[in-house]
1. Can you give the helix-only mean residue ellipticity at 222 nm for the chain, where every DSSP H stretch with n ≥ 4 adds -39500 (n - 2.57) and the sum goes over all residues, rounded to the nearest 500 deg cm²/dmol?
2. How high is the relative contact order of the chain, in percent, with contacts defined as C-alpha pairs under 8 Å that are six or more residues apart?
3. Could you state the per residue volume, in Å³, of the convex hull enclosing the Cα atoms of the chain?
4. Sort 63-69, 13-19 for me by packing, meaning the mean count of neighbouring Cβ atoms within 10 Å per residue, highest on top.
Amino acid sequence: MSPILLVLGVGLIGGNRLGGRLADSGGVARALPAMLAPLCAGFFAMPQRATAVAITGASGLTAFATVPALQL
């Protein structure tokens, strides 16, 4: 469980850094479709452990990347 939370945390940190740049260039119009992609992929990828961990990191990245765009 701890390594999965570490992957999520790295995704959150990366998303926070990416979110500022994304908000400057495209705003919410780019951020929300980016958040939808790992959620849809997770539907198919969750039965396998390795892909579930990757989708967890990608979900954290895109979740925090939308925050600055939504605050504008």
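Bear in mind that the values in this text are calculations on the coordinates, not laboratory data. Bear in mind the structure is a predicted one, so any value in this text is a computation, not a measurement. Here Cβ is always computed from backbone atoms with ideal geometry, including for glycine, and neighbour counts include all displayed protein chains.
1. When only DSSP H runs of four or more count, the value is -31500 deg cm²/dmol.
2. 55
3. Cα convex hull per residue, to the nearest whole number: 66 Å³.
4. Sorting 63-69, 13-19 by mean packing, highest first, produces 63-69, 13-19.
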